[in-house]
Every structure is written in structure tokens, then in C-alpha cells.
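The values are calculated or read from the model by the stated rules, or taken from the named source; none is laboratory data. Please read all numbers here as calculations on a predicted model, not as lab measurements. Here the Cβ positions follow ideal geometry from the backbone for every residue, glycine too, while neighbour counts run over all protein chains shown.
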Amino acid sequence: MENKQEEKIALLIIGSGPAGYTAAIYAARANLKPVLYQGIQPGGQLTITTDVENYPGFPDGIQGPELMVHFEKQADRMGADLRYGLATKVDLSSRPFKVWIDEEKLIIAESIIIATGASAKWLGIESEQRLNGHGVSACAVCDGFFFRGKEVAIVGAGDTAAEEALYLSKLCSTVHMLIRREEMRASKVMQDRVKNTANIKIYWNTETEEIIGEKLVEAVRIRNNQTGEITDLPIKGFFVAIGHTPNSSIFEDWLDMDDAGYIKAIPGTARTNIEGVFAAGDVQDKIYRQAVTAAGSGCMAALDAERFLSEKGVH
């Protein structure tokens, strides 16, 4: 098999966050001999998260990377074939499907589970990445709890930013909401809620210059676009809510997607518009985006794939 860069399998899982690993656990237990390629970020978004306190079964909380090691070990113990590699091209025109890994190896699969996740959009400043997980976060629902009673800032102007600002306002003493333009993109009802929340302070025409802090976030330096005035706001948490990008670009010629690139799954299932191709986790979920919902959809995808392969007589 080493020299021959082609391999035929029953089930290929692309991606290794909670959705991909859960799909691998279920598929391996069903004896489907799944092959999982871990992609560019083995473990997914949780590997850049520190404390995870909302995943059931860990009463004292757990570190994000450690949680993903547990997922990986469990999938491995069940017999899933876990590999390093990135899916770089696909041909879903007919079954069996073709997927190229690292542009060279060809996998020919009877069915595919896509669990490639989504990536948070960042502002692109050095201090943001350096302090990521040390006060900088792209998920208020995940990390807001750690800033109870403290001052935080959030960047963003859409519905997600508004929702997250409102969520933080219930936990934090003050939420400084930084908006680049002089208007919000959020729906009218969300804008009204934000404006009517006493401890959310809105800064219009405001750019983030830098997040200040050596080991932990201590302040954010902001600049007013119109006046050029620079201000340092003392804060403990800095949330980026400027959207996510689903990692779905290699599938865009084949699968139905929404305007933002999220794969459309048939409601109540993990099925896509192509029979035998399933989608799970954040690549098809722009609403919840939690580890536990991703894991649940990974389970759905594996059960759907098992049913599909059984109907097709593939073992």
C-alpha cells in the first residue's frame, strides 16, 4: 500500500474536533473501519481553548486540549484509523467518492462524513493571538463565566456580537462594545436590546489598536476613527465576535451551502444533498457552535452513514 497512492475504504471522516472524533467512535463500534484524517488543526477549535467548564461529565472542568486527547484516545481504542493529513480536493460526482489527501494520496470512499469545523475570524493583531486563551476569546458562551463581575470588551456589530454582548452583560460588571462604523449590522430587535442594557457601553467608529497585558489581558487600546483620539480601557476579558468562516471551500462545487458557506444538512439528519455524504459539527452549524452539539451531530452522522452503508450492502 505504501507505493500505491490509492486506497479504497467504506467510510472517510474528514476533521478531528468533537464531531469528527464522535463520528469515529460510533462508526468504529459499528465495525465500519472508519479512516479519519485530522486536518490542519487536530482537535479543532478546542485546542485553542483553555478551561472548558460546560462539557458534561467533567464536574471540575477540563482543559480544551486535554478534552480532545480524551476524544482521540477513545476513537483510537474503538479501532478508528486516525491519520495526520489534510483533504485538499474532492470529486463527489459519483460514488465511490474521491478525496485527495495532501494533494497526493487518493482515498476512494463509499461514504464521507465532513466534520471540518469553522474558524473564528480574528482582528489580526499580534497581541490578540499572544493572549488568546489568557483573556482573549472568540466565544462568550464558552468563556464569559470566567469574567463574572469584571469589565470586558467585545468587538463586533452583527447579531452574534449583540447576542454575546447581552450574554456577557448578565455576568460582567461592564461590557464595552467596540463598533468600527457608526451603525450596527445586527437586526433592529437585537440593537434595541443592546442599547437598552444599562451595563453595555457602545463605542461607535472605534478600532482596536492593541490588547495590553504581559501574561493576561489588562486593558485594550482603542482609537476613534473620526477624532483620532486614543483611549486605554482597563478590562480583564476581550471577546472577538466578528464571525466564523466554515472550513468548507473544497466542497463548494458539490454541496448545497448557505451564503456564508455553511453546508446545508437535511433538518433532523446529517445528510447533505449528495447521498452518502454527511456533515457534522460547526461546518454545518452556525447557531449553536458548542462542543456538545458538535459531538451530538457527529453521532447522528455516524448513525446515518451506518444506515446508508447497510442499505447499499457495503461492509
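Go through the residues of segment 61-84 one by one and say whether even a single one is β-branched (Val, Ile, Thr) and either closer than 19 Å to Arg289 by Cα or in contact with a Pro (Cβ under 9 Å, 6 or more places away or on another chain) (or both). Walk me through how you get there before you give the answer.
Quick first cut of segment 61-84, residues β-branched (Val, Ile, Thr) only: 62, 69.
Among the residues that remain, those that are also either closer than 19 Å to Arg289 by Cα or in contact with a Pro (Cβ under 9 Å, 6 or more places away or on another chain) (or both) are: 62.
There is at least one residue in segment 61-84 that is β-branched (Val, Ile, Thr) and either closer than 19 Å to Arg289 by Cα or in contact with a Pro (Cβ under 9 Å, 6 or more places away or on another chain) (or both).
If we scan segment 187-194, do we find a residue that is of a type outside the set (Phe, Trp, Tyr), exposed (fewer than 15 other Cβ atoms within 10 Å of the Cβ) and under 19 Å from Gly243 (Cβ atoms)? Yes, because at least one residue in segment 187-194 is of a type outside the set (Phe, Trp, Tyr), exposed (fewer than 15 other Cβ atoms within 10 Å of the Cβ) and under 19 Å from Gly243 (Cβ atoms).
Go through segment 266-282 and report how many residues are among the small types (Gly, Ala, Ser) and either farther than 19 Å from Leu86 by Cα or assigned to a loop (DSSP other than H, G, I, E, B) (or both).
We begin by selecting, within segment 266-282, every residue among the small types (Gly, Ala, Ser); these are 268, 270, 276, 279-281.
From what's left, either farther than 19 Å from Leu86 by Cα or assigned to a loop (DSSP other than H, G, I, E, B) (or both): 268, 270, 276, 280.
Here the count works out to 4.
Restricting to segment 126-161, name every residue that is under 30 Å from Ile14 (Cα atoms), crowded, with 16+ Cβ neighbours inside 10 Å and of a type in the set (A, V, I, L, M). Leu131, Val136, Ala138, Ala140, Ala161 - these are the residues of segment 126-161 that are under 30 Å from Ile14 (Cα atoms), crowded, with 16+ Cβ neighbours inside 10 Å and of a type in the set (A, V, I, L, M). I'd like to know if segment 266-276 contains one or more residues that are under 13 Å from Ile112 (Cβ atoms), in contact with a helix residue (DSSP H, G or I) (Cβ under 9 Å, 6 or more places away or on another chain), of a type in the set (S, T, N, Q) and assigned by TED's automatic domain parsing to the domain that holds Glu72. For segment 266-276, residues under 13 Å from Ile112 (Cβ atoms), in contact with a helix residue (DSSP H, G or I) (Cβ under 9 Å, 6 or more places away or on another chain), of a type in the set (S, T, N, Q) and assigned by TED's automatic domain parsing to the domain that holds Glu72: present. Annotation note: Cβ proximity below 6 Å between a residue of segment 216-245 that is farther than 25 Å from Ala186 by Cβ and a residue that is surrounded by 13 or more Cβ atoms within 10 Å (Cβ to Cβ) and at pLDDT below 95 (sequence gap 6+ or interchain) occurs for Leu216/His134. For Ile108, the test of being at pLDDT 95 or above, out of contact with any Ser or Thr (no Cβ under 8 Å at 6 or more places or on another chain), surrounded by fewer than 17 Cβ atoms within 10 Å (Cβ to Cβ) and not assigned by TED's automatic domain parsing to the domain that holds Ser173 is passed.
Condition (residue is assigned to a strand (DSSP E or B) and either at pLDDT below 95 or in contact with an Asp or Glu (Cβ under 8 Å, 6 or more places away or on another chain) (or both)) applied to segment 160-174: is it met by at least one residue? Write out each step before concluding.
First pass over segment 160-174, keeping only residues assigned to a strand (DSSP E or B): 174.
If we keep only those that are either at pLDDT below 95 or in contact with an Asp or Glu (Cβ under 8 Å, 6 or more places away or on another chain) (or both) as well, we get 174.
There is at least one residue in segment 160-174 that is assigned to a strand (DSSP E or B) and either at pLDDT below 95 or in contact with an Asp or Glu (Cβ under 8 Å, 6 or more places away or on another chain) (or both).
Conditions (1) more than 19 Å from Ala219 (Cβ to Cβ); (2) touching a Gly at 6+ places or on another chain (Cβ under 9 Å); (3) assigned by TED's automatic domain parsing to the domain that holds Gln63, marked per residue:
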position	(1), (2), (3)
His134	no, yes, no
Phe146	no, yes, no
Thr160	yes, yes, no
Ser169	yes, no, no
Ser173	no, yes, no
Glu182	yes, no, no
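I'm trying to understand the selection: among the residues of segment 9-47, which are over 15 Å from Phe308 (Cα atoms) and of a type in the set (Ser, Thr, Tyr)? Within segment 9-47, Ser16, Tyr21, Thr22, Tyr37, Thr47 meet the criteria. Taken across segment 294-312, residues that are basic (Lys, Arg), in contact (Cβ under 8 Å) with a residue 60 or more places away in the chain and more than 25 Å from Gly64 (Cα to Cα) do occur, with at least one present. Per the listing Ile107, Ile114, the residue uniquely of a type in the set (Val, Ile, Thr) and under 19 Å from the mean Cα position of the chain (by Cα) is Ile114. Number of residues in segment 238-265 that are out of contact with any helix residue (DSSP H, G or I) (no Cβ under 6 Å at 6 or more places or on another chain), closer than 30 Å to Lys150 by Cα and assigned to a loop (DSSP other than H, G, I, E, B) equals 2.
Screening Gly43 with (1) more than 16 Å from Glu110 (Cα to Cα); (2) modelled with pLDDT of 95 or more gives one miss only, at (2).
Report whether or not Leu255 is of a type outside the set (Phe, Trp, Tyr) and not assigned by TED's automatic domain parsing to the domain that holds Phe278.
No.
Within the bounds of segment 283-297, is there any residue that is assigned to a helix (DSSP H, G or I), of a type in the set (D, E, K, R), under 25 Å from Gly57 (Cβ atoms) and at pLDDT 95 or above? The answer is no, given that none of the residues of segment 283-297 is assigned to a helix (DSSP H, G or I), of a type in the set (D, E, K, R), under 25 Å from Gly57 (Cβ atoms) and at pLDDT 95 or above.
Residues that are modelled with pLDDT under 95 and among the hydrophobic types (A, V, I, L, M, F, W, C) within segment 16-40 comprise just one, Ile40.
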